[in-house]
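Please read the structure below before turning to the comments.
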Amino acid sequence: MDELKELVTKLERAYQDRLLSVILYGSGASSDHHSKFSDLNVLCVLKQITPRELGESEPIFRWWSEHKHPSPLLMSEEEVHNAADCFPIEYHDMKDRRKMLYGPDVIADVHIDSKYYRAQVEHELRSKLFRLRQQAARVLSDPEKLFALCVDSVSTFCMLARHALIVAGHPKADRRAVVKQLGATLQMDVTPFDILLDIREDKSGVDPGDPGELFAQYLDCIRRLVEFVDTLETPSAAGQH
């Protein structure tokens, strides 16, 4: 993608020999990528991060955000190797789905301690569920806004469902396979997820039905997913990278 090439060029010019690596990770680096809806998550690894580097990043990050992308994640080389135990979800995503845009692959030899993996998955799920309820409470009487809220959130809950299934011992899978496995594992109807993903992917002929009913079913699926994660055990060392 031209925007990614331009981003790397801007980063090289700004940081010069202080730039170590630039990595695209997450859905943007996988078969799940959708040009309209998938975020381009970029990790930028520098030798050090001081106010100087932050100041040099300001115009680049402003330009990148103007193109509707999340700000790159800035980390030092030391942080890349020492922060993995605090962010197992993010590091699992980087390990599983990444593309090198510049420099060496600094993620390849990072060890992820899965001790806190299940807890982080539950924390993120509960936090996102609480946030979804807060947002819905403000738009419940507006079908269009309620429907948009569901569509905007579904990729996040699919990502967390993917990690929940990994914690449960299921193999890694793409988004659609995750939804299918979630339905089979929890023995529940995951139609709300399928409908919302179809809408996100601009599939024609999709009838979402009544937004209020869709939201109620979607909310129940998420609630059951949270309850499922709450019962899981932390992955064994055998499942760690």
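For V167, indicate whether it is surrounded by 21 or more Cβ atoms within 10 Å (Cβ to Cβ), touching a residue at least 24 places away in the same chain (Cβ under 8 Å), among the β-branched types (V, I, T) and under 27 Å from A148 (Cβ atoms).
No, not satisfied.
Mind checking which pairs have a first residue in region 98-114 that is within 16 Å of P72 (Cα to Cα) and a second that is part of a loop (DSSP other than H, G, I, E, B) and of a type in the set (A, V, I, L, M), Cβ under 7 Å, 6 or more apart or different chains?
Sorted first by the residue in region 98-114, then by its partner, the pairs are R98/I107.
Hey, among the residues in region 50-78 that are basic (K, R) and under 23 Å from the mean Cα position of the chain (by Cα), which one's modelled with the highest pLDDT?
R62
Yes or no: region 118-131 includes at least one residue that is touching a Lys or Arg at 6+ places or on another chain (Cβ under 9 Å) and at pLDDT below 95.
For region 118-131, residues touching a Lys or Arg at 6+ places or on another chain (Cβ under 9 Å) and at pLDDT below 95: absent.
Could you list all residues from region 79-117 that are of a type in the set (D, E, K, R), at pLDDT 90 or above and touching a helix residue (DSSP H, G or I) at 6+ places or on another chain (Cβ under 6 Å)?
Across region 79-117, the qualifying residues are R98, K99.
Which one of these is among the aliphatic types (A, V, I, L, M), under 21 Å from Y91 (Cα atoms) and surrounded by fewer than 18 Cβ atoms within 10 Å (Cβ to Cβ): A137, A173?
Exactly one of A137, A173 is among the aliphatic types (A, V, I, L, M), under 21 Å from Y91 (Cα atoms) and surrounded by fewer than 18 Cβ atoms within 10 Å (Cβ to Cβ), namely A173.
Mind counting the residues in region 79-132 that are among the polar types (S, T, N, Q) and either surrounded by 14 or more Cβ atoms within 10 Å (Cβ to Cβ) or touching a strand residue (DSSP E or B) at 6+ places or on another chain (Cβ under 6 Å) (or both)?
2
The values are calculated or read from the model by the stated rules, or taken from the named source; none is laboratory data. Remember, it's a predicted structure, so these values are computed and weren't measured experimentally. Note that we place each Cβ from the backbone using ideal geometry, even for glycine, and neighbour counts take in every protein chain shown.
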